[in-house]
Each structure stands twice: as C-alpha cells, then as structure tokens.
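To start, the structure under review is shown below, and the notes come after it.
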Amino acid sequence: MDAVLDLAGLDALIRALVTSGRTVIGPVLRDDAITLAELGSAADLPAGWGVETGPGQYRVHRRADDAVFGHSAGPQSWKRFLHPPRRTLLTSGPAGFQPVREDRVEYAFFGVRPCDLSAIGKLRQIVGGPMPFVVAAQCTEPGGVCFCASMGCGPSAGGGYDLALTERIDGEGHRFLAVAGTAAGAEVLDRLPGRPAHERDVALAEEDVAAAARRMGRAMPGTDLRDLLAANREHPRWEDVAGRCLTCGNCTMVCPTCFCVSTEDTTELDGGAARSQRWASCFEIDFSQLHGGAVRTSGAARYRQWMSHKLGTWHDQFGTSGCVGCGRCIAWCPAGIDITEEAAALAEGAPG
Ligand code: SF4
Ligand code: SF4
C-alpha cells in the first residue's frame with residue numbers, strides 16, 4: 001500500500017536497504033556539487049542544497065528549505081556504477097593471462113530521477129548486468145537545462161523502480177509519498193514507520209510533478225528527430241557548431257547513456273601486463289581510426305556523429321532515443337553548447 005514517510009521514515013528506508021546487505025548509493029554534497037556516493041543514513045543526503053544550471057554553468061546554493069531532493073542532475077550519473085569508467089579485464093605474469101574476477105556488488109540506487117531511471121533502462125539494454133534495487137525520486141525541481149518532458153522521460157517516473165518517492169514540504173511538514181513499483185519494494189515499504197497515503201497525498205504529488213513539467217527549462221523541437229538528423233547530414237550548422245566545440249568529449253563523459261569504450265594493453269618493467277577497458281568518446285580523434293587514418297578528422301564530423309547517433313540512429317540500433325533530456329551535456333559543456341538549440345537550428349525551416 002502507498003505510504004507517507006517523514007524524515008525518520010526516510011532514514012529507516014536507507015538503513016533497511018543497508019541492513020539487507022546492499023551498497024546504497026545516493027546524492028551527497030561533495031566538491032561543490034551534488035555527486036553520487038555511498039549512503040549510511042538520511043543524514044548523508046544533501047538536505048537544503050539546490051543547484052542552478054545553464055549552458056556551461058553549474059552552481060550549488062543553499063535553499064530556503066531542507067529538501068533532500070531539491071536539486072537536478074549533477075555531473076555524475078548512475079552509469080559509473082553499471083558501466084565503470086575503467087576496468088581491468090586481464091592481467092598477465094609468469095603464469096600467463098588471467099581474467100580479472102570482479103566482486104559482484106548488490107546495489108540500491110537511492111533518489112534516482114525519472115530521466116536517469118530511463119537512462120538506466122537504455123544503458124542496461126547495452127551493458128546488461130543485474131538490476132539494482134531502485135528508489136526513484138519523482139522530479140519536482142527541474143533545472144534550467146532540463147528537457148526530459150519533451151523526451152518523454154520525466155518528470156514523473158514511468159516505471160522500472162522498486163519504490164518511488166515524491167517529496168513535499170508545506171505547512172503540514174516535510175514528507176515523502178512512497179509508492180511501491182514491485183513486490184520487493186512493497187515488502188520494504190511495509191516494514192517502514194509511516195502512515196497510509198490518502199487520496200489528497202497522491203493528488204498533491206501529481207500536481208507537484210505536473211508543475212515541474214510546466215517549469216522545465218528547455219524543450220526539444222517537436223519534430224521527428226530521427227528523420228531530422230537523417231535529412232540534414234550536410235546542413236551548414238555542423239560547421240557553425242564546430243567553430244564553438246572544443247571536441248573535449250565532456251558531453252559524452254557526463255551523458256548517462258553514452259557507452260563507448262576503448263581497450264588498452266599496458267606492460268610493466270617487471271614483465272607484468274594488463275588489458276583494461278576505459279570509457280571512450282566519439283570526440284577523440286582516434287575513435288574513428290580505420291586502416292590509413294581517422295575517418296572523422298573535423299570537429300564538424302565528430303559533433304554530427306555524436307548528435308546523429310544520440311537522437312537519430314540510436315532508434316535504428318536500440319528502438320529508442322539515446323537522449324533522456326537530463327541536460328548534463330549542456331551544463332558541463334565548457335563552450336555552453338546546447339543540444340536543444342542545435343536541434344532547433346536544424347529544425348528551422350524543416351517540415352514539423
Ligand atoms: S545527450 Fe545530453 S541531455 Fe541527452 S541524455 Fe545525454 S547528457 Fe542528457
Ligand atoms: S559539445 Fe561541448 S562538451 Fe561536447 S565535445 Fe564539444 S565542447 Fe566538449
């Protein structure tokens with residue numbers, strides 16, 4: 001049954017997940033950003049911290065209340081736990097090559113935004129692995145660079161969670177509507193201190209999430225993006241954006257769905273060697289290396305490749321868009337390049 005938890009109930013939820021043997025990961029304030037780290041209790045959450053975002057901008061600030069989910073997407077995503085930035089695959093020594101056995105961690109992801117929940121689904125389609133226990137946090141605080149509503153990935157959590165929380169602070173107190181999405185979620189919820197949710201609690205949560213959709217900072221153009229990208233391979237906008245893009249690859253590193261990797265072999269002076277895998281970016285010059293050299297040598301070709309795959313050919317590969325509208329690539333681009341603005345420039349004059 002749906003329930004309403006107070007802060008003590010939220011704390012009991014985190015502690016119950018820890019006690020069940022899971023490694024609980026959630027938002028914390030660290031290095032002037034809301035990052036993701038292991039939680040031991042509700043005291044670790046970034047209570048009272050919000051963020052301001054814009055193209056090439058991200059700042060944390062003190063809120064007027066103690067909301068724990070009063071912030072939008074930070075620089076990290078859940079990708080780093082499902083698809084680590086660096087993994088050693090093999091080592092070699094006198095006994096020959098040995099595969100590296102990785103410890104299996106049973107994760108609980110706590111406070112997953114709907115955009116990121118959608119990204120977890122898209123990423124797991126590619127990298128696989130066990131599904132963590134997910135406590136979603138429905139979005140009532142969209143950031144300036146968010147556009148999940150126009151990608152159909154938020155601000156409400158469509159599914160794929162074990163529990164979904166909606167935070168509310170008003171004259172009646174600081175509380176969380178908790179809704180179970182799976183039997184495992186219901187089983188945890190049943191053991192928490194809280195009261196049954198009433199129709200009014202559900203209606204208020206729905207209204208808060210609907211208001212978040214109306215306040216969303218940005219939107220993708222409403223046109224078919226797959227067709228738009230396919231029809232504009234030679235558009236002059238690619239040279240225009242290349243004049244601003246530094247080909248640094250930040251957008252691909254922060255993107256919760258970008259999954260490309262490179263494999264490297266290293267040797268040691270003592271005769272040991274290792275083969276490892278690391279995140280790679282289609283903005284790297286040697287990413288498109290074939291016999292005779294790189295295929296995409298210009299910044300225009302590399303930006304076009306990234307955006308065309310993300311919004312266009314991802315549909316052909318995986319049956320869905322590769323973008324969830326989290327806005328990270330806009331906030332963390334040092335040149336402030338905005339993928340929604342680039343799409344709008346391509347769409348200008350195109351049939352809607
Ligand atoms: S392309 Fe940008 S907005 Fe879309 S999912 Fe990746 S980082 Fe988020
Ligand atoms: S679009 Fe921005 S973040 Fe991406 S490679 Fe270019 S400069 Fe870097």
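Scanning the stretch 2-31 for residues that are out of contact with any strand residue (DSSP E or B) (no Cβ under 6 Å at 6 or more places or on another chain) and assigned to a loop (DSSP other than H, G, I, E, B) gives 20, 21, 31.
Any idea which of 320, 297 is away from ligand 1 (no atom under 16 Å from the Cβ), in contact (Cβ under 8 Å) with a residue 12 or more places away in the chain and in the same structural domain as residue 238 (by TED's automatic domain parsing)? Of 320, 297, the one residue that is away from ligand 1 (no atom under 16 Å from the Cβ), in contact (Cβ under 8 Å) with a residue 12 or more places away in the chain and in the same structural domain as residue 238 (by TED's automatic domain parsing) is 297. Residues in the stretch 152-181 that are out of contact with any strand residue (DSSP E or B) (no Cβ under 8 Å at 6 or more places or on another chain) and either under 12 Å from residue 206 (Cα atoms) or surrounded by 21 or more Cβ atoms within 10 Å (Cβ to Cβ) (or both): 153, 154, 155, 156.
What is the residue count in the stretch 266-310 for residues that are among the hydroxyl-bearing types (Ser, Thr, Tyr) and surrounded by fewer than 18 Cβ atoms within 10 Å (Cβ to Cβ)?
6
Taking strands (runs of 3 or more DSSP E) as the structural unit, those lying wholly within the stretch 51-107 and holding at least 1 residues that are open to solvent by 20 Å² or more (accessible area, probe 1.4 Å) and within 26 Å of residue 328 (Cβ to Cβ) correspond to 57-62, 86-93.
Scanning the stretch 129-182 for residues that are of a type in the set (Phe, Trp, Tyr) and out of contact with any Asp or Glu (no Cβ under 6 Å at 6 or more places or on another chain) turns up 147, 161.
Quick grid of which residues meet (1) over 20 Å from residue 152 (Cβ atoms); (2) not assigned by TED's automatic domain parsing to the domain that holds residue 138:
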site	(1), (2)
176	yes, no
182	yes, no
187	yes, no
201	yes, no
208	no, no
229	no, yes
236	yes, yes
252	yes, yes
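Would you mention how many residues in the stretch 128-141 are touching a residue at least 12 places away in the same chain (Cβ under 8 Å) and surrounded by fewer than 24 Cβ atoms within 10 Å (Cβ to Cβ)? Before you say what the answer is, go through the steps one by one.
Looking only at the stretch 128-141, we keep the residues that are touching a residue at least 12 places away in the same chain (Cβ under 8 Å), and these are 129-130, 132-141.
Imposing the further condition that a residue be surrounded by fewer than 24 Cβ atoms within 10 Å (Cβ to Cβ) reduces the set to 129-130, 132-133, 140-141.
Final tally of qualifying residues: 6.
Beta carbons closer than 6 Å, at least 6 apart along the sequence or on distinct chains, never pair a first residue in the stretch 102-127 that is under 14 Å from residue 159 (Cβ atoms) and in contact (Cβ under 8 Å) with a residue 40 or more places away in the chain with a second that is within 16 Å of ligand 2 (Cβ to nearest atom) and assigned to a helix (DSSP H, G or I).
The values are calculated or read from the model by the stated rules, or taken from the named source; none is laboratory data. What you see is a predicted model; the values in this text were computed from it and never measured. No Cβ is skipped: glycine too gets one built from the backbone with ideal geometry, and neighbour counts run over all protein chains shown. Side chains included, ligands, DNA and RNA excluded: accessible areas come from the protein's heavy atoms. Shrake-Rupley method; radii C 1.70, N 1.55, O 1.52, S 1.80 Å.
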